[in-house]
Amino acid sequence: MHTSTTKLGAAIKSARKSKKLTQLELSEELGITPRYLQAIENEKKTPSYPLLLYILSYLDIPADSVFPPYKSLPSSEIEQLLYFIHYKCNQREISVLLSTAKALVETREEGF
């Protein structure tokens, strides 16, 4: 699953600091270890959905500030394909698609 968390850790860290909370204080409030909170802030871990909602609520972080807005599906077939690969496929599915595309091109080049 692809999620846009590149700004999430930074937003949590910034909001925590603006509320003058240490990692220890916030982690105790959230019921997690300071090490886990540090991993979230450093983009090494992604919190569960319930924890994420609690963090955003507790720190007054608007969800739209850390997640991209919903986009409608692109219009062209190529744009749709790229959209699905980027946002909807996991790494295994991407590997399968790549292998399939290579096989299609090779078959076409062989004249079949």
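Given (1) under 26 Å from Ala11 (Cα atoms); (2) of a type in the set (S, T, N, Q); (3) modelled with pLDDT under 90, where does Ser57 come up short, assuming only one miss?
(3)
Residues Val66, Val96: which one is touching a Lys or Arg at 6+ places or on another chain (Cβ under 6 Å) and either surrounded by 10 or more Cβ atoms within 10 Å (Cβ to Cβ) or at pLDDT below 85 (or both)?
Criteria check complete, one pass: Val66.
The values are calculated or read from the model by the stated rules, or taken from the named source; none is laboratory data. If you're wondering where the values come from, they're calculated on a predicted model, not measured in any experiment. Cβ: placed from backbone, ideal geometry, glycine included. Neighbour counts: every protein chain shown.
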